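The structure appears below as structure tokens.
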Amino acid sequence: MFLNRCKYYFCLMLLLASSIISKSQIGGLGGALLNVTFGQGATDDITVPGSPLQMGYTAFEYTSNICPEEGKYTVVSGIPQDCADNSLIDLFADNTPFPDNNGYMMLLNDVPHANAKILFEYSISACYDVDYQFSAAFINIDKRNNPRCTRFSSFTLEIRDAAENLIASTSTGDMQFAMYNMGWHFTKPFVNFRIPPGTPLPLTVRIIDEPKAAAPCHNYVAIDDINVVVTGSRVNIVFDATPVGFWVKSSCFQDNKSFTMNGTVETTVANPAVQWAQSTDDGITWNDIPGATGYTLTQNFPVSDTFLFRLRAADRSLITNPGCGITSAVLKVQVDGLPSFYNTTNNSPVCAGEEIKFDAEGGATYEWSGPNGFYDNIKFPGIFKSELKDSGWYYTQIITAGGCRVTDSTYVRIIGTDVKAGNDTVICIGTAASLNASDGATWSWKPSTALSGVNTRHPLASPVVTTSYTVAVTDEYGCSGTAEVMVIVKNKEKVSANFSSSTYICRLSDSIFFVNRSTGVIDTWQWDFGDGRTSSVQNPPIQYYSNIPTSINSYTVRLMITDTAGCSDETYQTLKLEDMCNMAVPSAFTPNGDGRNDYFWPLNAFKAENITFLVFNRKGNKIFETRNWPDKWDGTWKGEPQDPGTYVWVFEYTDAIGKRQVLKGTVILLR
């Protein structure tokens, strides 16, 4: 060790070799005479051990085994699960606060020993009449259900002068089981001390592993953050016009921003002075800012880097000695450059209907834009149910915390069918809606109720109640999706137009009686009788046809009805004009096949309804019967020609005014 006595301030400054700083993170960090964090790992792999303490700092032997052998120590960033037969707690982080990522700590497998052993020893220089604190962080990492030990390790923290006189000390006592409260926590015992003037320097700080009874017991302990720091009055710093607690400012180098920091000192020093210091290596080294000796500091930041600032306060006679003053917490100014390690991705290609997921890296915030007005401002946006139209380029503004930004892009490809089933359709009972699914390779409709087919693209649906149909469409890629369409039925009862009447009109004048036989919850009727006359009543009066032109051979009568739901139906009937309507039954016929008078039937029975025409032979046997005019008797019975002679006929029918008529007579069959 090289000691350099302070010329005016009765203090000694310790000059540390660069190898000590780089390996064990020991060095003055502005107000801290000693700060041992054991360094950081390059990765989060806890199986990679850290570097040992330098020779002379400990009496214990180092091992690169991450589960140290009895009586040895190692340096690790986490406790492996399989150490000591899985009897250790799952400690995955050291005690050093952020940003000490993958931070290391000392792991000791402590065994019984009759005499005290030096766990850590280091020489420091300090100033007279300044308050200091010596501390270290400990944690017992044996599980609570571990029955190995009845007495755990205990340690003494002590400070001695150059003559080995004890200045101050404290004991940890037995290291009890660790307590879990939102994670495992170290305890940090400390001892405060002050060096009276005339004390021989340098000082030696030690952590002593106290004697341990010789019993079959060993205890695992982790140690971190061995510190000697100045204590006393409080030094506070804040960013100007910024609430307390905001320790970081960010900007972009292109903005060339300036930030102002203000400091206050709570001190009883008779002649106080302050000095601002800056670090650009994450606090490993600090440099006083020339001329920055006031309580306000304004700095301009035209280049990208990370800048740390703190304020040191001390008696004016000691202000140039970093080890003799009180130091504030740290303010951080992060000046960003353009993002360099960034990336934008998505999970396409995906089938239409599946979720598109985006991801961006390299920024603090993000702004997304894309087809169909897509916009979002989160790291992981998405489109929950994609459509074919969502294919295309998506652009991302990747923005640093300080506002520097770059643009990246990613292409989204949606494959398969963008399933559609058309708009909802309104129908009336008795009608059908044509369903229309998207193009694809196969279709499957559900339910099958009232469908003309379930595996076609355009089935007809004719439900009697409102029904929701779902179609599953699979395309040539095997992508499938579904869509729904509602067929809404307006009415609850089918509306059906129907009427009855004579189907013939006799010249030159005639009358027709129309009987409405329509069904449904009918609200309106509209009759058109074919000759220019109309009616809107349910049952129209008798219609009279006269002076019918000879050029007209028929009239078409139409009835259109509408129900209370607005559903309608119509029916047509053609009335044929006949020149002769006088009904007659012939008195004779000659069924000899000569084409004249070969059949017997009632003539001109145009107006007859519900007819029954019967023929009997002389024995009273019924040999012919029909209910359909003008079916005709051909003079045979059971396929055999009947003998010439007289036969009896009976003709029953309903006339045009609804009256039942019965006619009887005879006919002569001639051969």
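Couple of notes before you dig in:
- Residues CYS404, CYS351, ordered by accessible area of protein heavy atoms at a 1.4 angstrom probe radius and largest first, appear as CYS351, CYS404.
- For a modelled paramagnetic label at GLN538, 7 Å from Cα along Cα-to-Cβ, the residues of the range 485-500 in reach, with backbone nitrogen under 19 Å, are 492-500.
- For the range 563-608, with +1 on Lys and Arg beta carbons and -1 on Asp and Glu, the positive-most of PHE589, ALA565, ASN604 along the dipole: PHE589
- Computed over protein heavy atoms with a 1.4 angstrom probe, the accessible surface ordering of LYS188, LYS72, LYS619, largest first, is LYS619, LYS188, LYS72.
- Alpha-carbon spread of the chain, three principal axes, descending order, Å: 166, 62, 39
- Distance between modelled label sites at VAL515 and LYS389, nm, 7 Å Cα→Cβ extension: 5.9 nm
- If the chain linking GLN661 and THR320 were pulled fully straight, counting 0.36 nm for each residue of separation and taking away their Cα-Cα distance, it would gain 108.9 nm.
- Pairwise centroid distance, computed over Cα atoms, of the range 474-543 with the range 616-644, Å: 41 Å
- Rounded to the nearest 20 debye, dipole of the range 437-577 from Cβ charges on Lys, Arg, Asp, Glu: 440 debye
- Rolling a 1.4 Å probe over the protein heavy atoms gives the chain an accessible area of 50 Å² per residue.
- Peptides 523-531, 205-213 ordered by packing proxy, namely the average of other Cβ atoms within 10 Å per residue, highest first: 205-213, 523-531.
- Across the chain, Cα pairs under 8 Å and at least six residues apart give a relative contact order of 7 percent.
- In nm, spacing of pseudo-spin labels at ARG160 and THR564 (7 Å Cα→C-beta vector): 10.9 nm
- Computed over all pairs of different Cα atoms, the Kirkwood value for the hydrodynamic radius of the range 509-599 is 16.2 Å.
- Computed helical MRE - 222 nm, the chain, DSSP H runs ≥ 4 contributing -39500 (n - 2.57), nearest 500: -500 deg cm²/dmol
- In a fully extended conformation the segment linking HIS458 and LYS72 would gain 130.9 nm over its present Cα-Cα distance, using 0.36 nm per residue.
- Net lengthening on full extension, ALA114/THR280 (0.36 nm per residue, minus Cα-Cα): 55.0 nm
- For the range 35-45, 3J(HN,Hα) per residue [Karplus equation, 6.51 cos²θ - 1.76 cosθ + 1.60, θ = phi - 60°, Hz, x = Gly/Pro]: 8, 9, 10, 6, x, 10, x, 6, 9, 8, 7
- In a reduced charge model with +1 at each Lys and Arg Cβ and -1 at each Asp and Glu Cβ, the chain shows a dipole moment near 2040 debye about its Cα centre.
- Working from label points 7 Å from Cα in the Cα-to-Cβ sense, the THR636 to ASP255 distance is 11.1 nm.
- Computed FRET value (nearest 0.05) for TYR599 with ASP531, which takes r as the C-beta separation and R₀ as 35 Å: 0.55
- Fraction of accessible area attributable to carbon and sulfur, the chain (%, probe 1.4 Å): 51 percent
- The smallest convex shape that holds all Cα atoms of the range 153-209, its convex hull, gives 86 Å³ per residue.
- Across LYS385/LYS420; LYS607/LYS632; LYS332/LYS379; LYS446/LYS494; LYS619/LYS664; LYS576/LYS607, pairs whose alpha-carbon gap is larger than 21 Å: LYS332/LYS379; LYS446/LYS494
- Cα centroid separation, the range 322-363 to the range 149-203 (Å): 41 Å
- Dipole orientation for the range 451-515: of the candidates TYR469, SER480, ILE512, ILE512 has the Cα lying most toward the positive pole (charges on Cβ; Lys, Arg +1; Asp, Glu -1).
- For GLY39, distant residues with modelled amide H under 5 Å away: TYR104
- 3J(HN,Hα) along the range 404-413: 5, 9, 9, 10, 10, 9, 8, 9, 10, 10 Hz, from the Karplus curve 6.51 cos²θ - 1.76 cosθ + 1.60 with θ = phi - 60°, whole Hz, x for Gly and Pro.
- Considering only GLY325, SER391, ASN343, the residue lying farthest towards the positive end of the dipole of the chain is SER391, judged by Cα position with unit charges set on Cβ.
The values are calculated or read from the model by the stated rules, or taken from the named source; none is laboratory data. All figures in this text were calculated on a predicted structure; none of them were measured in a lab. All Cβ positions, even for glycine, are placed from backbone atoms using ideal geometry, and neighbour counts span all protein chains on display. Accessible surface areas use protein heavy atoms only, side chains included; no ligands, DNA or RNA. Shrake-Rupley method; radii C 1.70, N 1.55, O 1.52, S 1.80 Å.
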